[in-house]
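The values are calculated or read from the model by the stated rules, or taken from the named source; none is laboratory data. Not measured: the values here are computed from a predicted model. No Cβ is skipped: glycine too gets one built from the backbone with ideal geometry, and neighbour counts run over all protein chains shown.
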Amino acid sequence: MDDSRFMRGLIADILESGGVEVVGEAADGREALDVVADADPDVVTMDVEMPEMDGIEAVERLMAEHPTPTLMLSAYTAEGAEETFAALDAGAVDFFAKPGGEVSMGVSRMEEQLVETVRSVAGADLSRAGRQRRTEAATAAAGSATPASPSASTADGPAGAGVKPNTTLIIGSSTGGPDAVERVVSALPGDADLRGVVVQHMPEAFTGRFANRLDEACGLSVREAEDGMRLGRGELAVAKGGHHLEITNARNGRLRLKVIDEERGEGVRPSVNVTMRSAAEAVDDPLIGVILTGMGGDGSDGVQALSRVGARVLAQDEDSCVVYGMPKRAAATGAVDSVLPLDDIAAGIAGERA
């Protein structure tokens, strides 16, 4: 679905050459709804900005009328990031960022990645994606749990009491990750004695906005990582898109970060492996690694490095994943201590769930 005839043809050619059958196309969101209802595809690619009905409204209607795994094709801009997150909230599974400049040439260079992402989205579990599912989970939990906040407490003591002093947390995720990460960090008490890093596979134009969303959603302070940044108690950094992130030292309860603009042979930037390996080398205090939903195997080497230094490693279970790729590969290494449903991950970080 794209308002550009040329782009529709280009995307169709890329997908067909990658073995993905294209069964229909549309120039705007309203037409897209009719095409999906008629063709009943396994997956939809949806441009964000289209006439008549834009991609955000089209996703909302699609999820209500004919739920279909949807991949957003979004502009590589800050404005594009805002619109893309709105589409993810509406139920889209993932997004593929169009680079700046000559869009068609940029997408052509990334045709292998586009085909891989489309295949991954086609296999996604729609019941685990979007704001509706997050709202349903929050509603189901209402009355049985007190939302975490900087001042939350329990009958046994402060809400963050289960977290060991000077704990460092590393969270890695990919497809389906923005919602999953938000659900985890929003459940972490703001008074917990932890600091750490979120590594989400996401382009550079999107990670700053993602950090802001997390900061608004939780009791911790969340910012996009900067070179030389220091993190203290109650602070998280989101790895900058298009760059690797290392923890170079950990002293007096504070971490120092290094942003690296170079390839490391991982196939993705930022890479969970790079950050976790650096944490294993630099951090002597309690260390926790978490692998959430996502395609591929990034993080499987990193969790092994963490395990070798005695860190505790958690992975999201298959039933709660949008895409059970990264957690599956991590668990297969034998380095994962606990495999938990998404809504139990925060309790697992606090040591309240095994």
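Give the residue that is modelled with the lowest pLDDT, with candidates limited to residues of segment 161-175 that are surrounded by fewer than 23 Cβ atoms within 10 Å (Cβ to Cβ) and out of contact with any Ser or Thr (no Cβ under 9 Å at 6 or more places or on another chain).
Among those residues, the one meeting the criterion is GLY162.
Can you name the residue in segment 89-116 that is assigned to a helix (DSSP H, G or I) and at pLDDT 75 or above and is also nearest to ARG213 (Cα to Cα) among such residues?
Only one residue fits best here, namely ASP89.
Of the residues MET46, MET7, only one is under 25 Å from ARG209 (Cβ atoms), aliphatic (A, V, I, L, M), more than 24 Å from the chain's Cα centre (by Cα) and outside any loop (DSSP other than H, G, I, E, B); which?
MET7 is the lone residue from the list that is under 25 Å from ARG209 (Cβ atoms), aliphatic (A, V, I, L, M), more than 24 Å from the chain's Cα centre (by Cα) and outside any loop (DSSP other than H, G, I, E, B).
Do the conditions hold for ARG223, that is, is it more than 29 Å from VAL93 (Cα to Cα), in contact with a strand residue (DSSP E or B) (Cβ under 8 Å, 6 or more places away or on another chain), at pLDDT 95 or above and surrounded by fewer than 22 Cβ atoms within 10 Å (Cβ to Cβ)?
It is false that ARG223 is more than 29 Å from VAL93 (Cα to Cα), in contact with a strand residue (DSSP E or B) (Cβ under 8 Å, 6 or more places away or on another chain), at pLDDT 95 or above and surrounded by fewer than 22 Cβ atoms within 10 Å (Cβ to Cβ).
Does any residue of segment 176-198 turn out to be surrounded by fewer than 23 Cβ atoms within 10 Å (Cβ to Cβ), at pLDDT below 90, under 24 Å from ALA250 (Cα atoms) and not basic (Lys, Arg)?
yes
It is to be established whether one or more residues within segment 236-257 are at pLDDT below 95 and within 27 Å of THR175 (Cα to Cα).
yes
If only one of ARG269, ARG254 is closer than 22 Å to GLY299 by Cα and touching a Gly at 6+ places or on another chain (Cβ under 7 Å), which one is it?
ARG269 is the lone residue from the list that is closer than 22 Å to GLY299 by Cα and touching a Gly at 6+ places or on another chain (Cβ under 7 Å).
Please verify whether SER120 is at pLDDT below 85, on the phi < 0 side of the Ramachandran plot and among the small types (Gly, Ala, Ser), treating the condition exactly as stated.
Judged against the criteria, SER120 is not a match.
For ASP301, are the conditions met, namely being without any contact (Cβ under 8 Å) to a residue 40 or more places away in the chain, part of a helix (DSSP H, G or I) and out of contact with any helix residue (DSSP H, G or I) (no Cβ under 8 Å at 6 or more places or on another chain)?
no
Could you count how many residues in segment 279-299 are buried (at least 24 other Cβ atoms within 10 Å of the Cβ) and of a type in the set (Gly, Ala, Ser)?
4
This table checks each residue for (1) aliphatic (A, V, I, L, M); (2) assigned by TED's automatic domain parsing to the domain that holds THR117; (3) surrounded by 14 or more Cβ atoms within 10 Å (Cβ to Cβ); (4) at pLDDT 90 or above.
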{"position": "GLY18", "(1), (2), (3), (4)": "no, yes, yes, yes"}
{"position": "GLY29", "(1), (2), (3), (4)": "no, yes, yes, no"}
{"position": "LEU33", "(1), (2), (3), (4)": "yes, yes, yes, yes"}
{"position": "VAL44", "(1), (2), (3), (4)": "yes, yes, yes, yes"}
{"position": "ILE56", "(1), (2), (3), (4)": "yes, yes, yes, no"}
{"position": "ARG61", "(1), (2), (3), (4)": "no, yes, yes, yes"}
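Just give me the residues in segment 197-251 being farther than 25 Å from GLU262 by Cβ and among the β-branched types (Val, Ile, Thr), in sequence order.
VAL222
Being touching an Asp or Glu at 6+ places or on another chain (Cβ under 9 Å), within 15 Å of VAL197 (Cα to Cα) and modelled with pLDDT of 95 or more narrows it down to one of ARG277, ARG269, so name that one.
After ruling out the rest, the residue left standing is ARG277.
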